[in-house]
Amino acid sequence: MNFFNKQPKEPKDLKARPLDKDLKRIGQLEHAAKEVRTNAYSLGMGLLFLVGVWIFTYVYSGGEATGVLIAAAVIGGYMAMNIGANDVANNVGPAVGSKALSMAGALAIAAIFEAAGALIAGGEVVSTISKGIISTDTIADVDTFIWAMMAALLSAALWVNLATVLNAPVSTTHSIVGGVMGAGIAAAGLSAVKWPVMAAIAASWIVSPVLGGGIAAAFLIFIKWAILFRQDKIAAARRWVPVLVAIMASVFSVYLMIKGFKRIWKPDGPTIALVAFAVLAVSYGWSRRLVDRASVGMENKRKSVAKLFTLPLICSAALLSFAHGSNDVANAVGPLAAIVSAVDLGTISTKASLPLWVLLIGAVGISVGLALFGPRIIKLVGEKITKLNQVRAFCVALSAAITVIIASAFGLPVSSTHIAIGAVFGVGFVREAITNRGGGGVAETGALYPERLNEIDEGKLFKSWRKYRKRRLVRRQHLFSIVAAWVVTVPASAFLAAVLYFVISQLN
């Protein structure tokens, strides 16, 4: 080696060129300015929508709508927007994170199917008291009931809005439950609350994410063992992918029957089983032909095999959005329908008819909130908790549907938000555990195929293990912040509702 011709190292302070630093700062400023413009536009359009709800309610009533009714309609529209901004991310976030759908495509599909679910299967009658957590017998009069419902709806909307700003996906159902509980306590005391019902809802905080995460993890382990870790991945995919797609199709048919269409059609057990079996058989034959055709000339790699799950993922995002729209629109318009019924009839009822104009506010509001504010939580669910590909996202979507079916069979009040987030964490921790156990690459081969250890250099195996053994593939800070938001949701929305009830009652 010629030491005389060796070039001296540049000082560290000269390596980072001033021009590069300046360009980086300019890029950051441009990004920040763009984000400010986007937020201002979204806020402006959101306010415009609420003004539109105001005008729509007044015109639809022929100018006879009272101030209370108009205010309730605007609050209902505000709640619907927040549902779209926060809750819908669970349905399309994994598909976006896995690159099966672009953000624009996901927003379009979710907006269409959320609105379709709300309008087609939202139902003609809804419960005026979410989850039946307070007794209407304890409410003194109609005015008290109206004020309590307005306070509950506004508190839930404000809490979900705050959670969205803080980048925390929360259950909108639990938000409205907390609002109703807090307003009910403020209006009629602690005796108004049905505490066994509240206890069951509190238990769902644990049941939903654990069950969702466990099922998603089990499917991911199976897919890795049966397909991705096989030497001939193409042959394994031809055998198992049609089975998995058929299971998903059958599960989603059951999911739609018990959740998506439950307000307009309630089939019995044998009908559900017959439809599920028929869908299983048809989808297996159809998907087997598609997989055989798509796998011709495919590279024997995991990324290639993962692409076979893209179409099922897109379909699952659409179906989850439809079912979500049909169910969760009631969180926005249920209390509003209760107020409309109380104003029109002058009595308090546990069930209220759902006028088309009320349902329309909820359906459009969810789509507007999704389009304007949805990308923030979608990115969190799909990209920031853990890295998702098509296979992991498939496991999350399948787990969400199966968990809801199991919970419905046992009468457990689970949250779709908690299930989806739990499933994302579940696949993330499985991926982390497998990677750290096997080390990826050389070490992964040694862990999964012990019989091939004699083919592997021990030095490479040890170095590979040391390199990957401490990898963390799930961001813990999101786990802690999301769980904290879940725990706080009910008490926070309840406290806020109680405060709002006293303010509204004093103003009236």
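Bear in mind that the values in this text are calculations on the coordinates, not laboratory data. These numbers were taken from a predicted model, which means no experiment stands behind them. Ideal geometry is used to build each Cβ from the backbone, glycine not excepted, and the neighbour counts take in all protein chains shown.
Data for the structure
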item	result
Exposure proxy ranking, count of Cβ atoms within 10 Å, fewest first, for THR57, THR173, THR38	THR38, THR57, THR173
Between helix 103-121 and the chain: long-axis angle, C-alpha atoms, 0 to 90°, nearest 10	40
Cross-link pairs LYS262/LYS384; LYS233/LYS379; LYS224/LYS379 - those with Cα-Cα distance over 28 Å	LYS262/LYS384; LYS233/LYS379
Peptides 144-155, 93-104 ordered by average Cβ neighbours within 10 Å, highest first	144-155, 93-104
For region 227-243, 3J(HN,Hα) per residue [Karplus equation, 6.51 cos²θ - 1.76 cosθ + 1.60, θ = phi - 60°, Hz, x = Gly/Pro]	10, 5, 9, 7, 5, 9, 5, 5, 4, 5, 5, 4, 7, 9, 4, x, 5
Neighbour-count ranking [beta-carbon atoms within 10 angstrom, fewest first] of ASP268, ASP232	ASP268, ASP232
Centre separation in Å (Cα based) which lies between region 205-240 and region 332-356	45
Residue order, fewest to most surrounding Cβ atoms within 10 angstrom, among ILE504, ILE201	ILE504, ILE201
Helix 390-410 vs. the chain, principal-axis angle (Cα, 0 to 90°, nearest 10)	40
With Cα atoms, 0 to 90° folded angle of helix 476-507 axis to the chain main axis	10
